[in-house]
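Working notes, beginning with the structure itself.
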Amino acid sequence: MILRWLTAGESHGPCLTGIVEGMPAGVPLTADDLGRDLWRRQQGYGRGGRMKIESDHAEILGGVWRGKTTGGPIALRIENRDWPNWKDKEYDLPRMTVPRPGHADLAGVYKYGFDDIRPVLERASARETAMRVAVGGVAKQLLAEFGITIRSQVLRIGQAKATPGDLSDPAVVERVEASVVRVADPESEERLKAAVDAAKDRRDTLGGVFEVVAFGVMPGLGSHVQWDRKLDGRLAQAVMSIQAIKAVAIGDGFVAGERYGTEAHDGITMRNGRVERLTNRAGGLEGGITNGEPVVVRVVKKPISTTATPQPTVDLDTLEDVPSQYVRSDVCAVPAAAVIGEAMVAVVLADALLEKFGSDSIEQMRTNVNGFLESIKTWWRPSSEAVESAHT
Ligand SMILES: Cc1cc2nc3c(=O)[nH]c(=O)nc-3n(C[C@H](O)[C@H](O)[C@H](O)COP(=O)(O)O)c2cc1C
């Protein structure tokens, strides 16, 4: 792994901290570049009260000089605006002894030997994903230097399915970004919002499915030669590590097992002056290597674990069956999870890019990328250039 990163911090601690190591020098990076994605993570129909308290802002404390990366580790900090309400309570809060189904509570207590669930839930909370989004924002800055952009949309909330939009179309992306459920189609938006309303009415929660698509990815990232170099596996691991994610597919992976071979793969043809694919069912990856088509990752998020309707559990002190307790929570966080998914796809692609073309500065890296693209230009060029060459 060339691009290494770690997060630290608790849900109700003073701040989240992140370190990103391995970025080349010369990549433009300011706190504003990270702010928009942090804001996008806090949106979405069905979010709970905390999103109203906090508006996240990432400070850059190291690794950037006059708006550009230095090649040194990048230090990030996101203040928890809720901290003043919690800072004096740490030693006064009553012990929490009733584990909530669907959370890390019970397994974490077994593992670490705590007599209180709080230290587990404080770190297991999806609050940590704010820092992942900031780290992903750093990775996106590197990808942008090479024309790689990452988009996402929601495909389903509970039983309500959305009509997917073509994320290569900027007008579609604009509609997705304006939508509280991250869909382009207005009827789908109403359907998905109604599903969230229905879940709330029955004092319940919902999960769903989203997709992340990376455009402009050149062929040749990742490798077929060893299990831990396969890019599909690396993407799956990173995205699966997001809180509440339970399944990850590359391209049409969720339905590929139902199809004939002739209906499952992507035919190859000469078009627009380059070798192109007739479809992109493989989601831009074959043999763990990018094939020059957009990289498509589809993801299932389970329903929010904390439900207003109690779930069966046990008090670990009294050993009695008791109902789970409710604290105000999200009803649905699939749109936010899609933004976090973008961040995880960004860090994996940035890592793969550095692995193949990495150097100490962005300019040296550009030379490496251009040399590679030159070497394959008989067959593959970025789509904008391919269309141009077809017209000349
Ligand atoms: C963006 C986002 C927001 C979440 N918000 C909540 C929430 O408000 N309440 C809750 O119980 N779980 C929430 N979760 C899910 C839990 O964090 C997650 O299910 C829990 O940590 C257990 O992890 P696991 O499901 O990956 O095993 C959220 C997850 C994400 C990705």
Fill in: Selection within region 178-197 - part of a helix (DSSP H, G or I) and surrounded by 15 or more Cβ atoms within 10 Å (Cβ to Cβ)
188, 189, 191, 192, 193, 195, 196
Worksheet, complete the sentence: Over region 284-337, the set of residues in contact with a Leu (Cβ under 9 Å, 6 or more places away or on another chain) and on the phi > 0 side of the Ramachandran plot is 288
Worksheet item: Just one of 7, 17 is crowded, with 16+ Cβ neighbours inside 10 Å, in contact with an Asp or Glu (Cβ under 8 Å, 6 or more places away or on another chain), in a strand (DSSP E or B) and not hydrophobic (A, V, I, L, M, F, W, C); which is it?
Response: 7
Worksheet item: Can you name the number of the only condition in (1) part of a loop (DSSP other than H, G, I, E, B); (2) within 16 Å of the ligand (Cβ to nearest atom); (3) at pLDDT 95 or above; (4) out of contact with any Leu (no Cβ under 9 Å at 6 or more places or on another chain) that residue 340 fails?
Response: (1)
Worksheet item: Taking the condition within 15 Å of the chain's Cα centre (by Cα) and within 16 Å of the ligand (Cβ to nearest atom), does residue 304 pass?
Response: no
Practice prompt. Output the residues belonging to region 74-96 that are in contact with a strand residue (DSSP E or B) (Cβ under 9 Å, 6 or more places away or on another chain) and either buried (at least 17 other Cβ atoms within 10 Å of the Cβ) or modelled with pLDDT under 90 (or both).
Written response: 74, 76, 77, 78, 80, 83
Practice prompt. Could you please let me know if residue 348 is touching a residue at least 60 places away in the same chain (Cβ under 8 Å), of a type in the set (A, V, I, L, M, F, W, C), more than 11 Å from the ligand (Cβ to nearest atom) and surrounded by 20 or more Cβ atoms within 10 Å (Cβ to Cβ)?
Written response: yes
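Can we say residue 383 is out of contact with any Pro (no Cβ under 7 Å at 6 or more places or on another chain), among the hydroxyl-bearing types (Ser, Thr, Tyr) and surrounded by 15 or more Cβ atoms within 10 Å (Cβ to Cβ)? First the steps, then the outcome.
On the way: out of contact with any Pro (no Cβ under 7 Å at 6 or more places or on another chain): yes; among the hydroxyl-bearing types (Ser, Thr, Tyr): yes; surrounded by 15 or more Cβ atoms within 10 Å (Cβ to Cβ): yes.
Considered against the rule, which asks whether it is out of contact with any Pro (no Cβ under 7 Å at 6 or more places or on another chain), among the hydroxyl-bearing types (Ser, Thr, Tyr) and surrounded by 15 or more Cβ atoms within 10 Å (Cβ to Cβ), residue 383 comes out as yes.
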Item to complete: Determine whether region 348-366 contains at least one residue that is part of a strand (DSSP E or B) and either over 26 Å from the mean Cα position of the chain (by Cα) or farther than 30 Å from residue 177 by Cβ (or both).
Response: yes
Worksheet item: Among (1) acidic (Asp, Glu); (2) farther than 21 Å from residue 356 by Cα; (3) in contact with a Gly (Cβ under 9 Å, 6 or more places away or on another chain), which single condition is residue 315 missing?
Response: (3)
Discussion item. Between 236, 256, 264, which is surrounded by 15 or more Cβ atoms within 10 Å (Cβ to Cβ), within 16 Å of residue 342 (Cα to Cα) and among the aliphatic types (A, V, I, L, M)?
Written reply: 236
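The values are calculated or read from the model by the stated rules, or taken from the named source; none is laboratory data. Remember, it's a predicted structure, so these values are computed and weren't measured experimentally. As a convention, Cβ positions derive from the backbone with ideal geometry for all residues, glycine included, and neighbour counts pool all protein chains shown.
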